Structure formats: structure tokens, C-alpha cells
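Read through the structure below, which is laid out as C-alpha cells, and then see the notes.
The values are calculated or read from the model by the stated rules, or taken from the named source; none is laboratory data. The structure displayed is predicted, hence computed values, not measured ones. Quick reminder, even Gly has a Cβ in these numbers, built from the backbone with ideal geometry, and neighbours come from all protein chains shown.
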């Protein structure tokens, strides 16, 4: 294992129709299957929403680090769209992600370069590389 910086944990009970709680209680959500949420109006989150939030935050942090290392001042906002898909290889499911990255303060060419570099250093991008399809969509304002 690499040099450990910190460890955190979360515990889920009863899968997609259960509950998830982080070790410090900051995350404490009822889980609801997305189909039940739409059809029955149930309140709660789902694993894909939690993954989207985490990936967006991690990627945006990586983007700002890369920009800072290049002495570029930016304002950014990253929205992660996590798609839950039927896997055509087997009878299971898979994820796909689109990262919509809005950046102020640089040219479109610089945005392309920064978003690609951030994708190389972001821990979530590293973890998903080769496992799920990730599409980067940089936009400048």
C-alpha cells in the first residue's frame, strides 16, 4: 500500500432499499431504489448520487490543483452525471460517467489541457480508469 494519508468508512445495511452512514455520521441517508423514488415518491438517496457527489468534488479539486501548479487562476464547477446502465457483456449492470466541467479564466485550449491533466491525477479517475467509460466535457465562460 502507498503512504496512507487517512482512512474513512461508511456502512450500508439492506442494500439499495436500506441505509448508509459514514463513520463520523456526516453521511446518514436512507437509500431508495431510483425506480421506487420515481414511481412511489419515496425520499432518499442512492449509491449513484453518492458516487456522483464524490467524483465531482474529487475531480474539481484535482482540476484546481493542476491549474494552481501551472499558476493559472480559475473558477470551476464540475457536475458528475453517473449513468446506471445494463451491461451488454453479461446480465449485470455497469456505470458510465460524464464530467461537465465549467471553467472561468482560461481559453478553451487551456481548458482542454487542464481537464485532461486533472483526469490523469484525480484519484477517482485513476480508480475508474479502464473500468468505466468517463467522458470529459469542458466548457469555458
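Residue-level check: of (1) surrounded by 15 or more Cβ atoms within 10 Å (Cβ to Cβ); (2) closer than 30 Å to residue 107 by Cβ; (3) touching a strand residue (DSSP E or B) at 6+ places or on another chain (Cβ under 6 Å), residue 67 misses just (3).
Residue 99 meets all of the listed conditions (1) at pLDDT 95 or above; (2) closer than 24 Å to residue 122 by Cβ; (3) touching a strand residue (DSSP E or B) at 6+ places or on another chain (Cβ under 6 Å); (4) surrounded by fewer than 15 Cβ atoms within 10 Å (Cβ to Cβ) but one, namely (4). Among the residues making up the stretch 12-36, those that are within 16 Å of residue 54 (Cα to Cα), out of contact with any helix residue (DSSP H, G or I) (no Cβ under 8 Å at 6 or more places or on another chain) and part of a strand (DSSP E or B) are 21, 22, 28. Can you confirm whether the stretch 2-10 contains a residue that is surrounded by 14 or more Cβ atoms within 10 Å (Cβ to Cβ) and modelled with pLDDT of 95 or more? Yes, the stretch 2-10 has at least one match. Among the conditions (1) touching a residue at least 60 places away in the same chain (Cβ under 8 Å); (2) part of a loop (DSSP other than H, G, I, E, B), the only one that residue 62 does not satisfy is (2). I'm trying to understand the selection: among the residues of the stretch 70-96, which are part of a strand (DSSP E or B) and crowded, with 18+ Cβ neighbours inside 10 Å? Result: 76, 78, 80, 82, 95.
If you go through the stretch 1-19 and keep only what is out of contact with any strand residue (DSSP E or B) (no Cβ under 6 Å at 6 or more places or on another chain) and under 18 Å from residue 42 (Cα atoms), you end up with 14, 15, 17.
Flag: residue 42 matches the condition of being in contact with a helix residue (DSSP H, G or I) (Cβ under 8 Å, 6 or more places away or on another chain) and not in a helix (DSSP H, G or I). Can you work out which of the residues in the stretch 124-141 that are part of a strand (DSSP E or B) and touching a helix residue (DSSP H, G or I) at 6+ places or on another chain (Cβ under 9 Å) is farthest from residue 78 (Cα to Cα)? Among residues in the stretch 124-141 that are part of a strand (DSSP E or B) and touching a helix residue (DSSP H, G or I) at 6+ places or on another chain (Cβ under 9 Å), the one farthest from residue 78 (Cα to Cα) is 134.
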